[in-house]
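One structure below.
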């Protein structure tokens, strides 16, 4: 075969590989497009079912409205999203959805603003007047934004007042139940959320952040129209608030459509991961199905969490007692090893092959050849032990069957097992002999002469005995 024919064959094989990869990419793109088209059809069908479900919920609420004590809570509409597979990674934790028509307004909603501290000096931390800075904030907000307490906002509180007045869990629960909506300045949003913690999260009243530089009236209006879609990990289902049955059906339907679109966009695994969609009241009765997917959960591809690997932080450096071309790596535990500077591979040092003087107290004992031989012997012993276990399992299975092998075969197998056991014993003896030879090569230990105990004088002993009597 000539060189030209070889080149032609290689070119043909490379072209075939390129064609295969391009075909695979085209197939993947076609699958993605097909799945997106199918999901778009399913979303439109679910949106068509929304109008019918809202009418049914309104008729049900009209029948049971006389029995409900709090219709503003009992008649709120929720969209329940059930997944095929729960998310494995926290992807943004929470998504904000701005509804086109909100059932909340400044008149029927109590709002609490949490602001940063104006004075951060040491004297302000121990000031007895805790609400001093909150009054200053109220005056500043009224001058700059035209928002007053009572008309637009129910309360204004600063961060230090929050930490000093609401330190216990019960006080935080009382604060969460006192207001409908909490807004926090973006400058202190992280620390405030960490402080209020699970007490606000259980009440579904985590503070929503805003920027003080922007017009405060528009940010308040935006937060009134905002609902939360949680994308936390290990949650099989999520409920998203869409509005209230007191609103017109057209406005409510637009709100639900907006929530479905955001769920399809930000759902972990895409809309293919949505098992079902239900429109329901907070009590869960009735729960009307908008969408149902009976597909397999194995078709859903989710991003797996990264495995945490504990890294060993070694400190490498030169050492004056080592020869040129070697360095030391030390762990935080104190373990040290010698490395080569070129490729940073571990080496044995000092060894028998290195230079040393006869008068040295500490002679090198490490012999790389013997160490490698021991390692090979250990591997061989392990392999023999595994083979022995496998043969023993096979022999036990044959004994249980009782018909597969004759007594003569069993005797031969037993003899083989005995011979292997003798070989293993001989290997162990050889290894013990090598260890003894290594101990003989080690430098002799200097024996320390024990000083003889001093004998007491006989005359002193007799005097002591007389004194005792």
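Is the shape of the stretch 211-274 rounded, prolate or oblate, going by the alpha carbon gyration tensor and its root eigenvalues a ≥ b ≥ c, with a/c under 1.5 for rounded and a/b larger than b/c for prolate?
It is oblate, given that a/c is not under 1.5 and a/b is not larger than b/c.
So how do 362-372, 75-85 stack up, highest first, on mean other-Cβ count within 10 Å?
The packing order, highest mean first, is 75-85, 362-372.
For the stretch 117-210, what does the alpha-carbon gyration tensor say about shape, rounded, prolate or oblate, given a ≥ b ≥ c as the root eigenvalues, a/c under 1.5 as rounded, and a/b over b/c as prolate?
It comes out oblate by the Cα gyration axes.
For the stretch 288-388, what does the relative contact order come out to in percent, with C-alpha contacts under 8 Å and a separation of six or more?
12
So what's the stretch 60-125 giving for Cα Rg divided by 2.2 N^0.38 Å, two decimals?
1.90
Could you give the length gained on full extension between residue 130 and residue 376, defined as 0.36 nm per residue of separation minus the Cα-Cα distance, in nm?
Residue separation times 0.36 nm, minus the Cα-Cα distance, leaves 81.0 nm.
When a footprinting reagent is the concern and you count Cβ atoms within 10 Å, what order do 285, 50 take, fewest first?
The most exposed by this proxy come first: 285, 50.
When a/c is below 1.5 the answer is rounded, else prolate if a/b is larger than b/c, else oblate, so apply that to the stretch 274-344 with a ≥ b ≥ c taken from the square roots of the Cα gyration tensor eigenvalues.
Judged from the Cα gyration tensor, the stretch 274-344 comes out prolate (a/c at least 1.5, a/b above b/c).
Looking at the stretch 313-376 from every direction and averaging, what is the projected area of its Cα convex hull in nm²?
Mean orientational projected area (the stretch 313-376, Cα hull): 5.8 nm².
Can you give the Rg to Rh ratio of the stretch 178-306, both from alpha-carbon atoms, with Rh computed by the Kirkwood formula?
1.00
How many angstrom lie between the C-alpha centres of the stretch 67-89 and the stretch 92-138?
Answer, in whole Å: 27.
Summarise the long-distance tail of P(r) for the stretch 102-171 by giving the % of C-alpha pairs beyond 15 Å.
58
Please list log₁₀ I(q)/I(0) at q = 0.17 Å⁻¹ for the stretch 165-225, using the Debye equation with identical point scatterers on the alpha-carbon positions.
Calculated log10 I(q)/I(0) at the listed q: -0.59.
If I take all pairs of Cα atoms in the stretch 227-360, what percentage of them are more than 21 Å from each other?
Across the stretch 227-360, Cα pairs with separations above 21 Å total 65 percent.
Every number in this text was worked out from the coordinates using simple rules, so none of it is lab data. Not measured: the values here are computed from a predicted model. All Cβ positions, even for glycine, are placed from backbone atoms using ideal geometry, and neighbour counts span all protein chains on display.
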